[in-house]
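Student: The structure that follows is given in the form of structure tokens.
The numbers here are math on the coordinates, done by the rules we state, and not lab data. All values derive from a computational prediction rather than experimental measurement. Cβ: placed from backbone, ideal geometry, glycine included. Neighbour counts: every protein chain shown.
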Amino acid sequence: MPGQSSAVVMKKLELRKKALEANRTELPQMEVPLQKVDAVLTEMKDLSAQQASLTATKQGVSKRLAELKDEGQKLLTFVDVGIREHYGTRSERLVEFGQQPFRSLPRLKLVGLDGKPLKPGSVRVEPAATPAPVPPPNE
């Protein structure tokens, strides 16, 4: 009976049990298997009820976990903002709290051909020459 669901097996066992009980006088050699069928059916029913109860409990636990996750995420945001407010966004102490400090790239210094820094406004950028329009292909 591989591949059959528990419900199908239980239904078949109940059918066999009823038939064996109805024919006890004709099949006395089946008394021991009848007792085993009864024991297996009883345990299967108990476990099915327990499984349903655990499924309901699991759903309740999953719902509560989702609620706590949302609450935890809000608390993380609040705490992170408080830490950044206290230490500043550039402090290396943020690493201790699992946050990334703001580390800007150093500014580029413009230097002339002689190696001396250029003064602001002394550099003039001219727009690149626009290429001539390409004529459409002849058809």
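Student: Aspartates and glutamates near K69 by alpha-carbon distance under 20 Å, same-chain residues fewer than 8 away left out - which ones?
Tutor: D80
Student: Can you order the peptides 130-136, 113-119 by their average number of other Cβ atoms within 10 Å per residue, highest first?
Tutor: Averaged packing, sorted descending, gives the order 113-119, 130-136.
Student: Cross-link list K11/K63; K11/K58; K12/K45: which exceed 25 angstrom alpha carbon to alpha carbon?
Tutor: Too far apart for the 25 Å limit: K11/K63; K11/K58.
Student: Taking just the C-alpha trace of the chain, give me its Rg and Dmax in Å.
Tutor: Taking only Cα atoms of the chain, I get Rg and Dmax of 39.8, 117 Å.
Student: Just to confirm the number: angle between the C-alpha axis of helix 6-22 and the first principal axis of the chain, 0 to 90 degrees, nearest 10?
Tutor: Tilt relative to the chain: about 0 degrees.
Student: Short version: ³J(HN,Hα) in whole Hz for each residue of the range 69-76, in order, from phi by Karplus 6.51 cos²θ - 1.76 cosθ + 1.60 (θ = phi - 60°), x for Gly and Pro, what are they?
Tutor: After applying 6.51 cos²θ - 1.76 cosθ + 1.60, I find 5, 4, 5, x, 5, 5, 5, 4 Hz.
Student: Fewest to most neighbouring Cβ within 10 Å: what's the order for E92, E14?
Tutor: In order of increasing Cβ crowding within 10 Å: E92, E14.
Student: Over the chain, what is the relative contact order in percent, taking alpha-carbon pairs closer than 8 angstrom and at least six residues apart?
Tutor: Value for the chain: 9 percent.
Student: Let me ask something else. Near K17, which aspartates and glutamates are there with a Cα under 19 Å away, not counting those fewer than 8 places off in the same chain?
Tutor: Candidates past the 8-residue exclusion: E26, E31, D38, E43, D46.
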